[in-house]
Every structure is written in structure tokens, then in C-alpha cells.
1. Return yes or no: is residue 22 part of a helix (DSSP H, G or I) and surrounded by fewer than 17 Cβ atoms within 10 Å (Cβ to Cβ)?
2. Taking into account only those residues within region 234-264 that are buried (at least 17 other Cβ atoms within 10 Å of the Cβ) and part of a loop (DSSP other than H, G, I, E, B), which is modelled with the highest pLDDT?
3. Give me the residue from region 25-43 that is touching a strand residue (DSSP E or B) at 6+ places or on another chain (Cβ under 6 Å) and in a helix (DSSP H, G or I) and, out of that set, surrounded by the most Cβ atoms within 10 Å (Cβ to Cβ).
4. Any idea which of 47, 89 is under 24 Å from residue 154 (Cα atoms) and modelled with pLDDT under 95?
């Protein structure tokens with residue numbers, strides 16, 4: 001029997017990028033500045049330590065220290081989902097314990113990300129690890145970067161583990177939406193979309209909200225789109241989704257963390273040292289994108305200001 005799904009697992013969650021120092025360590029002060037900006041914009045949910053946060057570049061204790069500092073800063077102003085992905089099950093448990101101690105709403109649990117594993121083996125991993133985590137668990141479906149798990153196995157996992165309460169689906173596979181809608185009809189679960197191009201489609205299919213890296217760069221748009229949908233402004237929601245689609249198309253040549261950090265830089269934020277060295281060609285692409293984004297952001301602010 002599933003535990004009740006935390007009601008906080010709805011709406012727009014910003015997946016926040018990690019600012020790095022030149023030595024590769026996380027910069028907690030810059031991280032707090034980003035969090036405060038997003039809180040001022042109206043974000044009431046954060047996801048820390050997912051792919052956007054480049055968790056693979058950080059050690060377990062670095063992650064816990066950064067997240068604990070963030071949790072203290074956020075306090076009771078927003079819900080907090082903490083990524084607990086790691087290659088070793090003991091590290092997953094350590095991260096989960098730390099997430100619970102800092103008062104996180106839920107843990108975000110992806111499959112292992114380095115060695116490819118069979119879907120059935122990943123299911124066994126999830127069934128073994130998740131029950132030992134002392135807080136609600138959201139499965140992180142992101143097969144682009146981890147071992148893939150079939151949707152059948154994901155639904156089985158959520159249905160059979162008492163503290164498994166939902167999914168963040170970042171697969172980009174639209175065909176998953178009706179399957180998840182049926183699963184939600186059969187059992188209580190939270191559905192949070194992680195693919196921005198499917199944001200409106202997912203809401204129309206019964207999703208509870210989104211966990212989005214782009215929401216960390218342009219929270220105004222995601223919040224406006226979600227509000228438009230929830231208040232029955234269908235044409236407005238479609239118009240805002242088209243604006244979001246234009247941004248998605250423009251960032252295709254970048255990794256998600258790169259694009260989000262460039263967008264934030266164009267808004268005046270210091271996002272720290274790049275994790276990937278920038279050559280001349282990369283810097284030219286970066287500058288072109290930031291110029292484009294500033295123009296796009298002007299359109300975005302105008303669109304989101306409409307009553």
C-alpha cells in the first residue's frame with residue numbers, strides 16, 4: 001500500500017544548476033543567490049542534484065554539504081526534492097539519509113548512470129534500495145543518461161514499494177503520457193514531467209507539474225504556463241508553450257547545464273567556472289546564444305506580463 005503522496009509534489013519545480021569554483025568544488029554562495037532569485041520569482045519547489053545539477057561531477061559529501069546549506073536557506077519557503085543518484089547503493093543510502101535529515105520532501109532516484117544494466121537488473125536495484133530510503137521516493141526516468149527501464153517496470157516499482165510516490169519523466173517520449181495517466185488512475189502517484197517540450201501535453205494528460213532546468217533560467221514562463229493551464233486559459237497556455245518551444249529549439253547544440261547557465265549569465269548571474277573548457281568556437285556559440293536569449297527574454301517578459 002502506498003503512503004500518501006506529498007501534496008507539495010505539484011506545480012513548477014526548478015532544477016537548479018550547480019555553480020562550480022575553478023577547482024571543481026561547488027560554490028554555495030552563488031547557489032544561494034540563484035535560489036533566492038527563484039524564490040522571488042515565485043518558485044515554490046526545487047530539485048537539487050539531478051542531471052541539471054551535474055551530480056556526477058560531485059562527491060557524496062560535497063553534495064550533502066551543498067544541499068544542507070541550500071535547505072537552511074530555503075527553510076519553509078519551498079518544497080525540496082533531493083537527487084540521490086549514485087553508482088553504489090551505499091552512496092544512495094547515504095544521500096537519502098542526508099536528504100531526510102535536512103527535511104526534503106522527497107528523494108529523486110535515477111538508475112545507475114555509468115555502466116549499462118539490463119532493465120530487469122535495474123528494477124531489482126530499485127526494489128532493493130528504495131525501501132531503505134527514509135523519505136518518499138520519486139523515480140527519475142532519464143534513459144538518455146542512465147540505464148533504461150521499461151515503463152512497465154517503472155509502474156511496477158511505484159506500485160510495489162510503499163515509499164515510491166511518483167515519477168519525474170525526462171525521457172521525452174510522448175507515448176509515456178497515456179501509460180502514466182492510466183497508472184495514476186490505478187494508484188496514487190505524482191507525475192512530474194521533465195521534458196519541457198511536453199509540459200503542456202503532460203498537464204493535459206493529468207500530470208501534476210514539472211521539474212525543469214529551464215524553469216531555473218526563465219521561471220516566469222513556466223509559472224505563467226502552469227497558471228494559464230490551471231485557470232482554463234487554453235489558448236494562452238498554448239501560446240506560452242510555443243514560446244518555450246522556441247527556446248528548446250535554440251539550445252539543441254548545448255548540454256542542458258550549459259544552456260541553463262548561459263541563460264542565467266545573460267540575466268546577470270555569476271554561475272561560476274565552466275565544467276567544460278570553452279574553446280574559441282564554443283565561446284562564439286555562447287555569445288551568439290546569449291544575444292539571442294536576451295531578445296527572447298524580452299518577448300518572454302512581455303508575454304508573461306499579460307493578464
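1. Criteria not met by residue 22.
2. For region 234-264, the residue satisfying everything is 251.
3. 38
4. On the way: 47 fails: modelled with pLDDT under 95.
Going through 47, 89 in turn, just one is under 24 Å from residue 154 (Cα atoms) and modelled with pLDDT under 95: 89.
Per-residue answers, yes or no, for (1) under 24 Å from the mean Cα position of the chain (by Cα); (2) over 20 Å from residue 202 (Cα atoms):
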site: 232; (1), (2): no, no
site: 235; (1), (2): no, no
site: 243; (1), (2): yes, no
site: 273; (1), (2): yes, yes
site: 293; (1), (2): yes, yes
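Conditions tested, residue by residue: (1) in contact (Cβ under 8 Å) with a residue 24 or more places away in the chain; (2) surrounded by fewer than 17 Cβ atoms within 10 Å (Cβ to Cβ); (3) closer than 13 Å to residue 211 by Cβ.
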| site | (1), (2), (3) |
| --- | --- |
| 45 | yes, no, yes |
| 49 | yes, no, yes |
| 53 | yes, no, yes |
| 64 | yes, no, no |
| 67 | yes, no, no |
| 77 | yes, yes, no |
| 85 | yes, no, no |
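The values are calculated or read from the model by the stated rules, or taken from the named source; none is laboratory data. Just so it is clear, the structure is predicted and the values come from calculations on it, not from any experiment. As a convention, Cβ positions derive from the backbone with ideal geometry for all residues, glycine included, and neighbour counts pool all protein chains shown.
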